[in-house]
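To start, the structure itself, in structure tokens.
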Protein chains: 2
Amino acid sequence: MTSTHEEVGYLPPSKPVEHTPISAASGVEEVIRMLEGRWKLVILFHLFGGKLLRFSDLERAIPAISQKMLIQQLRQMEADGIVTRLVHHQVPPKVEYGLTDWGQSLCPSLDALLKWAAARPGS
Amino acid sequence: MTSTHEEVGYLPPSKPVEHTPISAASGVEEVIRMLEGRWKLVILFHLFGGKLLRFSDLERAIPAISQKMLIQQLRQMEADGIVTRLVHHQVPPKVEYGLTDWGQSLCPSLDALLKWAAARPGS
DNA sequence: CAGCATCCCGGTGGATACTG
DNA sequence: CAGTATCCACCGGGATGCTG
């Protein structure tokens, strides 16, 4: 694919839109809002499979993330109904994070994304 | 904030991980890198369906985006092999953007994301 | 028309220190 | 252990003006 300046052998703009992506754009914004941020997807992938992870587990699993970001993203996803927060009040505090059913249902879609990335031409 | 403190009636962590999301984490970063940014997905959704849109078409379709962001995101996706850039050298310049086959193959996955968002409990 | 260059602001997110 | 609080650097991204 030589990016610029090919002589154009393209033809008919007579192709009708079969997908109306524009109308979908509204939902797109919502998805972006809920999943954007450097860490949301990374966290989600660590939670898939119904696992319950403690705050410190996640910190260890994602060494590059700061506490501030970890808690912030977790809280946002909790507010969005994607992750659950389970507090055990005991002397050394223990909090476990997991996925709601709805959050877990995101797994296939994200997996598809992964497969897509893996299928990149010129591997 | 008492959003918390359920007494924990959670049971068996006997659920074996059936998905090994951690190993997937590597690919996740890649996906994020390619799709992140305020506008990438929005642009993509306007390009799905095999449509070729001119720069000005996209500007009109996404009024909130600035020229700078539009061209920047398009270029990045072009570099990633997601979008194509078709230059017609004629007196009033004309450039059309579309999707590569690989880029087009992202459509089902993103659609799944949309459906997921639409299925949010408490609609 | 389709961009590039420049300036600049605000928010995102990192580092660090402190608390229940 | 699981956060909260603060400070601050950086850069994503908007506005404007100019060019081929």
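Values computed for the structure shown
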| quantity | calculated |
| --- | --- |
| In segment A:62-84, the residues that are part of a helix (DSSP H, G or I) and either modelled with pLDDT under 95 or away from DNA strand C (no atom under 16 Å from the Cβ) (or both) | none |
| Residue satisfying all of: in segment A:62-81; of a type in the set (Val, Ile, Thr) and more than 9 Å from chain B (Cβ to nearest Cβ); nearest to DNA strand D (Cβ to nearest atom) among these | A:Ile71 |
| Restricting segment A:71-100 to residues that are under 13 Å from A:Ser56 (Cβ atoms) and surrounded by fewer than 18 Cβ atoms within 10 Å (Cβ to Cβ), the residue that is nearest to the chain's Cα centre (by Cα) | A:Ile71 |
| Of residues in segment A:44-61 being part of a helix (DSSP H, G or I) and touching a residue at least 40 places away in the same chain (Cβ under 8 Å), the one farthest from DNA strand D (Cβ to nearest atom) | A:Phe45 |
| Condition broken by A:Pro108, with the remaining ones in (1) out of contact with any helix residue (DSSP H, G or I) (no Cβ under 6 Å at 6 or more places or on another chain); (2) over 18 Å from B:Leu35 (Cβ atoms) satisfied | (2) |
| Long-range neighbours under 7 Å by Cβ, at least six apart or interchain, first residue under 13 Å from A:Leu53 (Cβ atoms) and in contact (Cβ under 8 Å) with a residue 12 or more places away in the chain within segment A:79-92, second among the polar types (S, T, N, Q) and surrounded by 12 or more Cβ atoms within 10 Å (Cβ to Cβ) | A:Val83/A:Thr100; A:Thr84/A:Thr100 |
| Single unsatisfied condition, A:Ile22 versus (1) closer than 21 Å to A:Asp111 by Cα; (2) modelled with pLDDT under 95; (3) within 7 Å of chain B (Cβ to nearest Cβ) | (1) |
| Candidates B:Arg33, B:Arg54 - the one that is at pLDDT below 95, within 15 Å of DNA strand C (Cβ to nearest atom) and more than 9 Å from chain A (Cβ to nearest Cβ) | B:Arg33 |
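The values are calculated or read from the model by the stated rules, or taken from the named source; none is laboratory data. This structure is a prediction, so every number in the text was calculated from the model and none was measured. Positions of Cβ are backbone-derived with ideal geometry, glycine not excepted, and every protein chain shown enters the neighbour counts.
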